[in-house]
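So the structure is just underneath, and the comments pick up after that.
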Amino acid sequence: MKAWRVFALFIPASAWLALEAPRAVAQECRWDGTAPWCAGECSEDETEITRLDKIPEGWHPPFVNANPPFGSNCGVGPLGVGTKALCCKMRGVVCRWDGTAPFCDGECRAGETPGEPPPGSSSGASCWTGNKVYCCRSTQPSVVRSRLETSPELTRYAALWEKAPGPVWQARHGLTANDYQNVFDDLTRRGYRLVEVNGYRVGSEARYAAVFEQRQGPPWTARHGLSAAQHQQEFDRLTREGFRLVNISGYGVGNQDLYASIWEQRPGPAWSARHGLTAAGFQQEFDRLGQQGYRLIDVSGYNVGGEDRYAGIWEQGPGPAWTARHGMTADQYQQEFNNLGGQGYRPVQISGWPSGGAARFAAIWERADAPPWVARHGMLSDVYQEEFFQRASEGYRVRRVSGYHVAQ
């Protein structure tokens, strides 16, 4: 079986190793702020990496090659503990936290875009109201922006793993068009079937991540790189032939929405699918179908021409307790992950995409007995590769993977 217009990249042997992703390592750093009140502030040409009132035991500074002297710890003021700012000169970019606790209301200035702070960083004291925002601007627009937008090593991944028995499986990520076709053809000839596909944009081209399993099953087919009109045509044709949509991925390339999908020819509960929905339209369909007893089983978020869009698949029938969220920032997703995890829910679907210079997420959670599982997001390509090998060695299998390239 062949996928029609399949895109993907065969990962060469060297790419299966941990990639040497170029990270912004600061060469000139200092702690700003004088104890006991501190109130550290970075200058206009410095990036604020993190804020601390003292150095925690065993702490390693994020993205810094040497930790400068911290000096005396900060004291407690009328509104809490003051903080020092770790200020560094970074090549090509300047970032800062905007919003002062406890009444934050952070907002980026003209020429800045919201970015993802370095892993392990802190914005200092918590907000009582509003939120802080990590704002970045390029100091070398033509060079740096091109590098950030087109480098596959700077793509981030969100993934879900389960530690459960099952058929032989393989997964790929960072796939370009021709090589994904080669991988698809090779694996399907060897009895593998595609069970998860995710499309995303890097620069001006589509990239793909995919999971294959070597097992029998109902007749199936896959599509990718389809425009909205082409996807609708295939939808109409395949449903007439008794196929049902089991996996959908939307992604924006060149101000056009494209779609990748997996179909199976088998009976099942009543189902419904939508694509190209705005956030308001998706919420409307979510509410309408939910009232009719449908549950969301697959969701994909993407951005086209600066506007977030959604595609989803619903099935009508019973099942474990579930909930879903869409349009979340990274912080909001983490908060929902923590809150729902405390209530016994686990994520079963995750979709990440770039929107306004930052990552956005949509996810589905279920509350049911399940094998051990792991969920991660915000992983750069090399980190995801390391996590992939580590989890595979522990008996975990990739269930869901989503790539999203955020130029920061």
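Bear in mind these aren't lab numbers, they're just calculated from the coordinates by the rules spelled out. Nothing here was measured: the structure is a model prediction, and the numbers come from that model. Virtual Cβ from ideal backbone geometry, glycine too; neighbours counted across all protein chains shown.
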Amide H contacts of residue 50 (H built 1.01 Å from N, under 5 Å, at least 5 apart or other chain): 86
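Could you please rank 329, 155, placing first whichever residue has the fewest other Cβ atoms within 10 Å of its Cβ?
On the way: 329 18, 155 23.
The fewest-first ordering by Cβ neighbours comes to 329, 155.
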Order by protection proxy (mean Cβ within 10 Å, highest first), peptides 93-103, 194-204, 34-44: 194-204, 93-103, 34-44
Spacing of the two label points (7 Å from each Cα toward its C-beta) at residue 239 and residue 28, in nm: 6.1
Cα-projected label distance for residue 205 with residue 321, points at 7 Å along beta-carbon direction, nm: 4.7
In Hz, Karplus ³J(HN,Hα) per residue of segment 39-47 (6.51, -1.76, 1.60; θ = phi - 60°; x = Gly, Pro): 6, x, 9, 8, 6, 4, 9, 10, 9
Sorted by Cβ density within 10 Å, fewest first, the residues 84, 132, 54: 54, 132, 84
Cβ-Cβ FRET estimate between residue 189 and residue 335, R0 fixed at 56 Å, reported to 0.05: 0.80
Rounded FRET efficiency, nearest 0.05, which uses the C-beta distance separating residue 139 from residue 168 and R0 of 41 Å: 0.25
FRET efficiency for residue 110 and residue 73, using Cβ-Cβ distance with R0 set to 30 Å, rounded to 0.05: 0.25
Backbone HN-Hα couplings from phi across segment 277-291 [Karplus 6.51/-1.76/1.60, Hz, Gly and Pro as x]: 7, 6, 4, 5, x, 5, 4, 5, 5, 4, 5, 5, 5, x, 5
Long-range amide H partners of residue 155 with built H, under 5 Å: 381
Cβ-based charge dipole, segment 300-402, positive-most Cα from 334, 313, 300: 313
